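> Before we start, here is the structure in question, set down as structure tokens.
The values are calculated or read from the model by the stated rules, or taken from the named source; none is laboratory data. Just so we're clear, the structure is a prediction, and the values are computed from it rather than from any experiment. Here the Cβ positions follow ideal geometry from the backbone for every residue, glycine too, while neighbour counts run over all protein chains shown. Protein only, heavy atoms only, side chains kept; ligands, DNA and RNA dropped before computing areas. Shrake-Rupley method; radii C 1.70, N 1.55, O 1.52, S 1.80 Å.
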Amino acid sequence: MALIVQKYGGTSMGSVERIEHVANKVASFRKQGHQVVVVVSAMSGETDRLLKLAKAIDPKGSQREFDQIAATGEQVTIGLLAIALQKAGVQSRSFTGWQVPIRTDGAHMKARIQSIEPEALLAACNAGIVPVVAGFQGITDDGSVSTLGRGGSDTTGVALAAALKADECQIYTDVDGVYTTDPRVEPKARRLDKITFEEMLEMASLGSKVLQIRSVEFAGKYKVPLRVLSTFVDGPGTLITLEDNSMEDPLISGIAFSRDESQITVTGVPDKPGVAAAILGPVGDANVEVDMIVQNVGADGSTDFTFTVARGDHDKALEIIKRVAGELGAKGVAGATDIVKVSIVGVGMRSHAGIASQMFKALATAGINIRMISTSEIKISVVIDQDYLELAVRTLHKAFGLEEKK
Ligand code: ADP
Ligand code: ASP
Ligand code: MG
């Protein structure tokens, strides 16, 4: 008998019929003799709807209240699933974040889990009751409801699996595993049997939203066996694992992309020590995260400086930079929000040279201009015009042979 944590996402909870389908699935795991703890998301679209209501009153409203509102989506689905399970003959009880409790820090809308007290859930399991826990939410030290950032139910699932020392954490969603790239953009994308934590972490940080980044961090840190599967079709899914030598070692495991990018360029900055700090310091002070940075080689005593930030931070960053540019005596400032980032990821890159040039050549052949490049040990990212996103993903998918069955 195993203890399994199963997380069901928004599409899986999207209607009463789907919730009953999930209940039947959970019931069949119980029949096989497993203990199951279920984590659920709100019905798909519901969190967006709730946040839109809040923003319609005041987009800059209190983040504590935004959390209070957004967290209600999951309170509905835990109750619905518990009723559906009871109807299917399975004893069940719903738990909100505070009823578990799942304790977080006070950073509303992006809270981090600090501790989970597993006793109530274990007691329920031992009494033959299936706990259904609200994903995405927790409770702060001052008793406020918090949320873990968009997609945060994945993290609730993994964190509970760690706290309960579960045998596996299963993430049920609307695709039957992790693919070589988002199958919505490249229909020829292929399901991976396995992917390493390291690669999955890069894929998630570079824009693949199939798993929230923090859930992968958590699973890696606490060695939680993690699997992504479909709610709707049976299959083995994708196992996220530690690297082992028996793993087939493709050069590139996947392609990630992000539309949430924007760029700011300062031209004609004096080429002298302290300029990068003078530009980026105030941006960081305003809590804006800078991703890629490029500084051109200086000519006639001046240089150009370009960096990227999330689109939502673009106007804020541009305002700051216009002020700083004036103080620095720079020639000009330009912003662009019509850019995207496309990345190739693979642990195989470590031991192979020439991957970057293969990537750039493929993009050039497709007529795609590269604006910026950044690399790390297991990934290469390029910034390109947003109109070329789909073409770039498909071009690279083909160039690295990802559609072929190994
Ligand atoms: P859930 O609501 O179940 O949490 P999400 O919408 O958050 O589901 O995540 C699943 C979606 O992630 C898929 O429908 C797919 O479009 C997208 N996705 C992006 N990259 C990948 C990838 N590499 N493999 C599989 N799915 C991906
Ligand atoms: N319902 C939340 C969201 O839409 C959390 C989740 O689905 O994981 O972001
Ligand atoms: Mg999700």
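> Just to check I understand the Karplus step: with θ = phi - 60° and J = 6.51 cos²θ - 1.76 cosθ + 1.60, what whole-Hz values come out for segment 14-28, glycine and proline as x?
Karplus-based 3J(HN,Hα) across segment 14-28 equals x, 8, 4, 4, 5, 5, 5, 4, 4, 4, 5, 4, 4, 4, 6 Hz.
> Spelling out what I want: for every residue of segment 222-235, take phi, set θ = phi - 60°, compute 6.51 cos²θ - 1.76 cosθ + 1.60 (Karplus), and round to whole Hz; glycine and proline get x.
For segment 222-235, the Karplus-derived couplings read 9, 6, 7, x, 10, 9, 9, 9, 8, 6, 9, 10, 6, x Hz, x marking Gly and Pro.
> Considering only DSSP beta bridges whose two residues both sit in the chain, what percent are antiparallel, to the nearest 5?
Numbers: 45 of 72 bridges.
Percentage antiparallel, nearest 5: 60.
> Same structure, new question: Could you give the dipole magnitude of segment 1-64 about its Cα centre, charging the beta-carbon of Lys and Arg +1 and that of Asp and Glu -1, in debye to the nearest 20?
Details: 10 positive and 5 negative charges, 31 e Å.
In debye, rounded to 20, segment 1-64 gives about 140.
> Just add up the charged neighbours of GLN86: K/R +1, D/E -1, any other residue whose Cβ is under 13 Å from the Cβ of GLN86.
On the way: positive: ARG30, LYS87, ARG93; negative: GLU20.
Spelling it out: positives minus negatives among the neighbours equals +2.
> Skipping prolines and chain starts, which residues have an amide H placed within reach, meaning under 5 Å, of the one on ILE171, given they are 5 or more residues away or on another chain?
LYS7, ARG227, VAL228, LEU229
> Separate question: Quick one: how many lysine pairs in segment 11-114 have C-alpha atoms under 19 angstrom apart, if they're 8 or more apart or on different chains? Can you show the working numbers first?
Working: LYS25/LYS87; LYS31/LYS87; LYS52/LYS60; LYS52/LYS110; LYS55/LYS110; LYS60/LYS110.
Step by step, the pairs that qualify in segment 11-114 add up to 6.
> Using a 1.4 angstrom probe, figure out how much accessible area segment 254-399 has per residue, in square angstrom, rounded to the nearest whole.
Values: 6850 Å² over 146 residues.
Averaged over the residues of segment 254-399, the accessible area is 47 Å².
> Just to verify a number: what accessible area does LYS341 come out at with the full protein assembly present, 1.4 Å probe, Å² rounded to tens?
The value for LYS341 is about 10 Å².
> Moving to a separate point now. Quick check: at a probe of 1.4 Å, how many percent of the accessible area of the chain sits on carbon and sulfur atoms?
C and S atoms contribute 51 percent here.
> Something else now. Find the relative contact order for segment 254-399 and round it to a whole percent, using C-alpha pairs within less than 8 Å whose residues are 6+ positions apart.
Working: 253 pairs, mean separation 43.9, N = 146.
Rounded, it is 30 percent for segment 254-399.
> Next question, about the same structure. Say R0 is 35 Å: what FRET efficiency, to the nearest 0.05, do ASP285 and ARG350 get from their beta-carbon distance?
Working: r = 36 Å, r/R0 = 1.02.
My answer for the efficiency is 0.45.
> Could you order SER115, SER343 by accessible surface area, starting with the largest, using a probe radius of 1.4 Å?
Working: SER115 50, SER343 0 Å².
Accessible-area ranking of SER115, SER343, largest first: SER115, SER343.
> Could you tally the net charge around GLY298, taking each other residue with its Cβ under 11 Å from the Cβ of GLY298, Lys/Arg +1 and Asp/Glu -1?
Values: positive: LYS272; negative: ASP271, ASP300, ASP304.
Once positives and negatives cancel, what remains is -2.
> Mind checking the per residue accessible area of segment 83-128 for me, 1.4 Å probe, whole number of Å²?
Computed with neighbouring chains in place, this is 53 Å² per residue.
> Taking H as built 1.01 Å from N, whose amide H comes closer than 5 Å to the amide H of THR303, not counting residues under 5 places away?
Amide H to amide H, under 5 Å and 5 or more residues apart or across chains, THR303 pairs with GLY268, VAL269, ASP271.
> Now for a different question. Taking the Cα centre of the chain as the origin and placing charges on Cβ (Lys, Arg +1; Asp, Glu -1), which of MET359, THR267, GLY73 is farthest toward the positive end of the dipole?
GLY73
> Pick from THR231, THR308, THR375 the residue whose mean-square fluctuation is largest in a GNM of the chain, springs joining Cα atoms under 10 Å.
THR375
> Take every Cα pair under 8 Å in segment 182-323 that's 6+ residues apart, average their separations, divide by the length, and report that relative contact order as a whole percent.
Working: 168 pairs, mean separation 30.2, N = 142.
21 percent.
> Quick one: compute the contact order of the chain, relative version, from alpha carbon pairs under 8 angstrom and 6+ residues apart, as a percent.
Contact order relative to length: 13 percent.
> I would also like to ask the following. Only bridges whose two residues both fall in segment 3-241 count here: according to DSSP, what percent of them are antiparallel, nearest 5?
25
> Rounding to the nearest 20 debye, state how big the charge dipole of the chain is about its Cα centre with +1 on each Lys and Arg Cβ and -1 on each Asp and Glu Cβ.
Numbers: 43 positive and 49 negative charges, 138 e Å.
Charge dipole of the chain: 660 debye, to the nearest 20.
> Any idea what % of Cα-Cα pairs in segment 310-370 are farther than 20 Å?
Details: 1006 of 1830 pairs.
Of the Cα pairs, 55 percent sit more than 20 Å apart.
> For the chain, modelled as a GNM with alpha-carbon contacts under 10 angstrom, which of ALA310, ALA392, ALA71 fluctuates the most?
Between ALA310, ALA392, ALA71, it is ALA310 that shows the largest mean-square fluctuation.
> Report the gain in length on full extension from ALA120 to LYS31: 0.36 nm times residue separation, minus Cα-Cα distance, nm rounded to one decimal. Numbers along the way, then the final one.
Details: separation 89, 0.36 × 89 = 32.04 nm, distance 2.25 nm.
29.8 nm is the gain from fully extending ALA120 to LYS31.
> Now for a different question. Would you pull out the residues with amide H under 5 Å of VAL133's amide H, same chain only if 5 or more places away, H placed 1.01 Å from N?
VAL38, VAL39, VAL40, PHE95
> A further question follows. Suppose accessible area is computed on protein heavy atoms with a 1.4 Å probe; arrange GLU319, GLU377 from highest to lowest. Intermediate values should be presented prior to the final figure.
Details: GLU319 140, GLU377 120 Å².
Listed by decreasing accessible area, they come as GLU319, GLU377.
> Of PHE218, PHE305, which has the most accessible area and how do the rest follow, probe 1.4 Å? Could you put the intermediate results ahead of the total?
On the way: PHE218 45, PHE305 5 Å².
Largest to smallest exposure gives the sequence PHE218, PHE305.
> What Kirkwood hydrodynamic radius, in Å, does the chain give when the mean of 1/r is taken over all pairs of distinct Cα atoms and then inverted?
Numbers: mean 1/r = 0.0437 Å⁻¹.
When all Cα pairs of the chain are included, the Kirkwood radius is 22.9 Å.
> If Lys and Arg each add +1 and Asp and Glu each add -1, what is the summed charge of the other residues whose beta carbon sits under 12 Å from the beta carbon of PRO236?
Numbers: positive: ARG191, LYS194, ARG227; negative: ASP176, ASP193, ASP234.
With Lys, Arg at +1 and Asp, Glu at -1, the neighbours total 0.
> Something else about it: Set Lys and Arg Cβ to +1 and Asp and Glu Cβ to -1, take the dipole of the chain about its Cα centre, and tell me which of LEU389, SER374, THR196 lies farthest positive.
THR196
> Another one. Taking θ as phi - 60°, what are the ³J(HN,Hα) couplings along segment 117-124 by the Karplus curve (6.51, -1.76, 1.60), each to the nearest whole Hz, with x for Gly and Pro?
Values per residue, Gly and Pro as x: 9, x, 4, 5, 5, 5, 4, 4 Hz.
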